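Novice: Just dropping this structure here.
The values are calculated or read from the model by the stated rules, or taken from the named source; none is laboratory data. Since we're looking at a predicted model, the values are computed, not measured. Cβ atoms come from the backbone with ideal geometry, glycine included; neighbour counts cover every protein chain shown.
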Amino acid sequence: MFKFFNPSKIFLITSKAPKYVMILFVMVFSIGLLEALIFSPEDYKQGDSVRIMYVHVPAAWISLGIFSSITFLSLCGYIFKNMNLFLIAKSLAPSGLLFNIVALVTGSIWGKPTWGTWWAWDARITSMLILGLFYLMFLIAWRIYEDKEKVLRITTIITILGIINVPIIKYSVDWWNTLHQPASINILSKSSIHSSMLFPLLIMTAAFVLFSLLIFLMKYNTELIKIKNKGLDRL
């Protein structure tokens, strides 16, 4: 199956994709903003501050999803000795870190009127901050290590250690008494969020997924161009 990961063949697709993804992102994001800021109702307790949720929650979801993907790709790349899987993981990391920061910042903005403080060493907030540090370590490792085997081994170890933190983030509100509210959306059980808020939340999530895809494509195309300039067609 790895013959389909040939950089030259992939670049034929990824080099043309960003402009279409950008158009789709602008369309979905515009609809999402209208739904989130105008058509969705205020919360009966939080008022308009609940609208921060439409940025905060998708950003947190995507950050967790990208790190999980990076871990899977790094492990598969290391096991099957496929460098292109590492390049995909490396190209995903910047958007994952970006959304991690967005989740932390919007969480602080929401926390001020809700908890009366910009920051609290709450279990979920702290574990989310730790995830950001793992993102940083992953990206820094790619910058400082020139030996290919060493950087692949170190980044794989970082992702393995970091993935342990993902279920902690997810279940921290259930395992400990925290300031952060419990999950409002459940896949296996009934969600407590009303459909008037769930619909714009899902639209904003789709918009952010498209934006992360756009960042990934730009980064990945840059990596493929570097490989092409070095004359390496097979990884």
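Novice: Cβ contacts < 6 Å: first residue in contact (Cβ under 8 Å) with a residue 40 or more places away in the chain, restricted to region 131-142; second residue surrounded by 19 or more Cβ atoms within 10 Å (Cβ to Cβ) and among the basic types (Lys, Arg), any location; separation 6+ or different chain. Result?
Specialist: Short answer, once both residue conditions are applied: Trp142/Lys90.
Novice: Could I ask something else about it? Tell me the residue from Asp174, Asp122 that is within 23 Å of Gln46 (Cβ to Cβ), modelled with pLDDT of 80 or more and of a type in the set (D, E, K, R), please.
Specialist: Every option except Asp122 fails the conditions.
Novice: Still on this model: Among the residues of region 108-161, write down those that are of a type in the set (Gly, Ala, Ser), within 21 Å of Ala60 (Cβ to Cβ) and out of contact with any helix residue (DSSP H, G or I) (no Cβ under 6 Å at 6 or more places or on another chain).
Specialist: Correct list: Ser108, Gly111, Ala120.
Novice: Right, another one. Cβ-Cβ under 8 Å, sequence separation 6+ or interchain: first residue in region 193-214 and modelled with pLDDT under 90, partner of a type in the set (Val, Ile, Thr). Which pairs?
Specialist: From residues that are modelled with pLDDT under 90, the pairs are Ile193/Ile185; Met197/Val50; Leu198/Ile185.
Novice: Can you name the condition, by its number, that Thr117 falls short on among (1) in a loop (DSSP other than H, G, I, E, B); (2) buried (at least 17 other Cβ atoms within 10 Å of the Cβ)?
Specialist: Condition (2) is where Thr117 drops out.
Novice: Taking Ser189 as the residue in question, decide whether it is farther than 17 Å from Leu92 by Cβ, among the small types (Gly, Ala, Ser) and modelled with pLDDT of 75 or more.
Specialist: no
Novice: Something else: Got a sec? Which of Val102, Val57, Val21, Val28 is under 13 Å from the mean Cα position of the chain (by Cα), in contact (Cβ under 8 Å) with a residue 24 or more places away in the chain and more than 20 Å from Leu136 (Cβ to Cβ)?
Specialist: After applying the criteria, what remains is Val57.
Novice: Then there's this: Within the bounds of region 23-41, is there any residue that is surrounded by fewer than 16 Cβ atoms within 10 Å (Cβ to Cβ), modelled with pLDDT under 80, of a type in the set (A, V, I, L, M) and under 24 Å from Pro94 (Cα atoms)?
Specialist: Looking for residues that are surrounded by fewer than 16 Cβ atoms within 10 Å (Cβ to Cβ), modelled with pLDDT under 80, of a type in the set (A, V, I, L, M) and under 24 Å from Pro94 (Cα atoms), one finds none in region 23-41, hence no.
Novice: What are the pairs with Cβ atoms under 8 angstrom where one residue, in region 68-86, is closer than 16 Å to Lys219 by Cα and the other, located anywhere, is among the charged types (D, E, K, R) and in a helix (DSSP H, G or I)? Sequence gap at least six, or different chains.
Specialist: Taking only residues 6 or more apart or on different chains, the pairs are Met83/Lys148.
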